[in-house]
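Derivation of every value follows stated rules applied to the coordinates shown; laboratory data play no part. The model shown is predicted, which means the values in this text are computed figures rather than measured ones. Note: ideal-geometry Cβ built from the backbone for every residue, glycine included; neighbour counts use all protein chains shown.
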Amino acid sequence: MIDVLILISQRHIVIALAIVGALLVTAGSLVSKPRSRNAPEPDRRDDEQSVLARRLTTIGYIVTMASIALFIVAGFVSDLRP
């Protein structure tokens, strides 16, 4: 079990997850429809574009949180590495 934690908490994996998470959140915000100040409130209906934007953002935050968790794990297992 410790070997698996050491393996998945390597520096390049943690950094890659952080970058992928940030890109997904950015893509989610770019996909969402921009609203101007004078635009009326959008309907409560979810169109495909807003659903995609929310899913991309949610997945991006989950990947980023996984990166943060692995960063914390890496700090705890750093003394156990050979």
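Listing S78, S67 from the residue with the fewest other Cβ atoms within 10 Å to the one with the most, what is the order?
S78, S67
So what's the net charge close to Y61: Lys and Arg +1, Asp and Glu -1, counting the other residues with Cβ under 15 Å from its Cβ?
Overall, the nearby charge balance is +2.
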